[in-house]
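What follows draws every value from the coordinates through simple rules; no lab data is involved. Owing to the predicted nature of the structure, the values given are computational and were not obtained by experimental measurement. In this analysis, Cβ positions are derived from the backbone assuming ideal geometry, glycine residues included, and neighbour counts consider all displayed protein chains.
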Amino acid sequence: MLDKTAAPEALERAESDEGQEVENFDLPVEGRRGLLHRFAPQRLVSRIVLLNLLGLVILVTGILYFNQFRQGLIDARVQSLTTQAQIIAAAVAGSATADTGSIVINPDSLEDFSDPYAPDADQLDNLDFPINPETTGPVLRRLLANSTIRGRIIDPEGNLVVDSRFLYGGGDIIQSDLPPRNAGTPNFLVRWWNAGYDWFFAYDYPLQKEYSLDNGKDFPEVAAALNGAVVSVVRLDEKRDIIVLVSVPVQRFRAVLGALVLSTSGGEIDNVLRAERRVVLLTFGFVALVTILLSVFLAGTIAEPIRRLSAAAERVRRGINKRVEIPDFTARRDEIGHLSGALRDMTGALYNRIDAIEAFAADVSHELKNPLTSLRSAVETLAKVKTDEQRARLVEIVKHDVRRLDRLITDISDASRLDAELARAETNPVDVARHLGAITTLANETRKDHQAEIVLQVLPAGSAYDPSLAFVVLGHESRLSQVFRNLLDNARSFTAENTRIYVRVRRSGRDVEIRFDDYGPGIRPDNLERIFERFYTDRPEGSFGKNSGLGLSISKQIVDAHKGRIWAENRYGRAPEDMEKPVLGARFVVRLPAVADDWTPPGAKG
């Protein structure tokens, strides 16, 4: 608890600390995990099987719980019992006798009064038709023979007159079920099943109390029948089985002689319901088995390839000196095939990047050793020289090697962060023709007297292209400028003095092509590819150490990142057929993909 009488600063700090404690208390992941996440299966196969079975269980549960078959059985039984009760009630009424001195009613007659000697209404009010058990019992017994229906007759005073359960005729055999042999307490599985079954299929019907000799009027269905109404009720017996009761009045003329109550035996409806539920459960078991098999098969086509891909990825992570091959599932035309292809491409790119890093480190180590070795030799020799001329020469060598190291370290740093910079920076539209115009103008304005002049030629794109988009590419303007400057500096370093370097820009299909033509000695055919390797240089003897050998390599790296191409070739002049064509100079060609003709700049309104 916080003391509110403390200083405001201390109070604020204490409240902040208290809130921090609560926040830290909520931070652990285990504390935030619910039971569902904690007890969820860890394997994908188990989850697929569980989810498929869960849907099936919900379906079967809904069928069993919301099925209207039980109500249909009850309604059909009520209708049947009502019809039987009305027939039996008429027969019982016909068995009642009234002794008026002139009328004798045959107790065996099942027909209503229809003779001309029937009493009139005034006489009926003074007549009494008692129900005689001795004459009513045989009628009830004969009509309920060969059925499981129980019939009871109750007089107007609520006294039980006849109960068909205790009616036996001469020669009847009384049969009672004996308990099965070895009947004992069921095992826990049976008890568990019975308890679950009773709980799930529990009924909300009231329990049926037994009719005694004089409590008939305590039952609403009997009271209603004694008042002339036909009533049906559904109750449960002592075994929690459904029984249907139908109560009808026993009437003769307008007099209510009593009430007839017919009821089904316990288990009659429940046995039908159990049979139906057994069929549903057996069907559920079969469908569940098929679902499990199909789920395992489906999970095998998903989980097993993922497991193999995961294991291969883990081997790649742990592998140090060996190359791990990712399983190939690219023949599958689904997400697993796409995932396998992506992982294989990613792993291949990763290994290529590792090889490039190792090669780059080896090249850097080799290139740094040369100036360091020269620098160490010059420093060691400096202490031994005797003349100022030799000392000045060694000092010049040291300065040259230091400049060479500085140049190497700068270019190496630029090359090492180039990939990351190209990956992070966003591409923008770059008009190559306009951009080269600015670069060549600046290069001509800052060139020295003996350096070659740069001439830019932009060839017409033609009517097939949008003039405003003909030479536009998506890229990094600063890095493309670096490529163009590197190629111009390279061409100047080989071009003879007082000559020209031609830069031509044209549209070639879907690409923008830039050519850099110089008038130098050209490139040896076996070096046309090697000149783009790191630290490779093929220059005159007087320019040794003035270049790091990374300019063309960096240019190729930038062009490749822009999905373009760069290559070198020689330009040849004309010559007689029996003579070799002379080399006029070298040509570097850069091709970059142009934007589509329907491309719209970001933010432009259509």
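The table below gives the values:
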| quantity | calculated |
| --- | --- |
| Region 328-416: relative contact order in percent, alpha carbon pairs under 8 Å with at least 6 residues between | 21 |
| Residue-by-residue Karplus 3J(HN,Hα) for region 371-386, coefficients 6.51, -1.76, 1.60, Hz, glycine and proline x | x, 5, 5, 5, 5, 5, 5, 5, 5, 5, 6, 4, 6, 9, 6, 10 |
| Ranked list, fewest to most other Cβ atoms within 10 Å of each Cβ, for ILE409, ILE48 | ILE409, ILE48 |
| Debye log10 I(q)/I(0) for region 192-287, one point scatterer per Cα, at q = 0.15, 0.19, 0.21, 0.23 Å⁻¹ | -0.70, -0.93, -1.05, -1.17 |
| Cβ-based exposure ranking for PHE166, PHE297, PHE69, PHE588, in which fewest neighbours within 10 Å come first | PHE166, PHE297, PHE69, PHE588 |
| Fewest-first ranking of ILE354, ILE74, ILE88, using other Cβ atoms within 10 Å as the exposure measure | ILE354, ILE74, ILE88 |
| Calculated diffusion of region 328-416, Stokes-Einstein form, Kirkwood radius summed over Cα pairs, 4 °C and 1.567 mPa s, µm²/s | 77 |
| Those residues of region 205-249 whose amide nitrogen sits under 19 Å from the label point placed on VAL272, 7 Å along Cα→Cβ | 205, 232-237, 240-247 |
| Reciprocal of mean inverse Cα separation for region 426-593 (Kirkwood radius, Å) | 16.8 |
| Length-normalised contact order of region 325-365 in % [C-alpha pairs under 8 Å, at least 6 apart] | 30 |
| Alpha carbon Rg of region 276-319, scaled by the compact-globule rule 2.2 N^0.38 Å | 1.97 |
| Per-selection metrics, region 417-519 (Cα): Rg and Dmax in Å | 14.8, 42 |
| Additional length obtainable on full extension of the chain from ASP526 to LYS369, 0.36 nm per residue less Cα span | 53.9 nm |
| FRET E, pair ARG191, ARG565, Förster distance 60 Å, beta-carbon r, rounded to 0.05 | 0.15 |
| Region 483-502 and region 71-93: distance between their alpha carbon centers, rounded to Å | 114 |
| Residue pairs, from the table LYS217/LYS239; LYS369/LYS563; LYS556/LYS581; LYS399/LYS563, whose Cα atoms sit over 31 Å apart | LYS369/LYS563; LYS399/LYS563 |
| Cα→Cβ-extended label distance, 7 Å offset, between ASN215 and ALA331, nm | 8.1 |
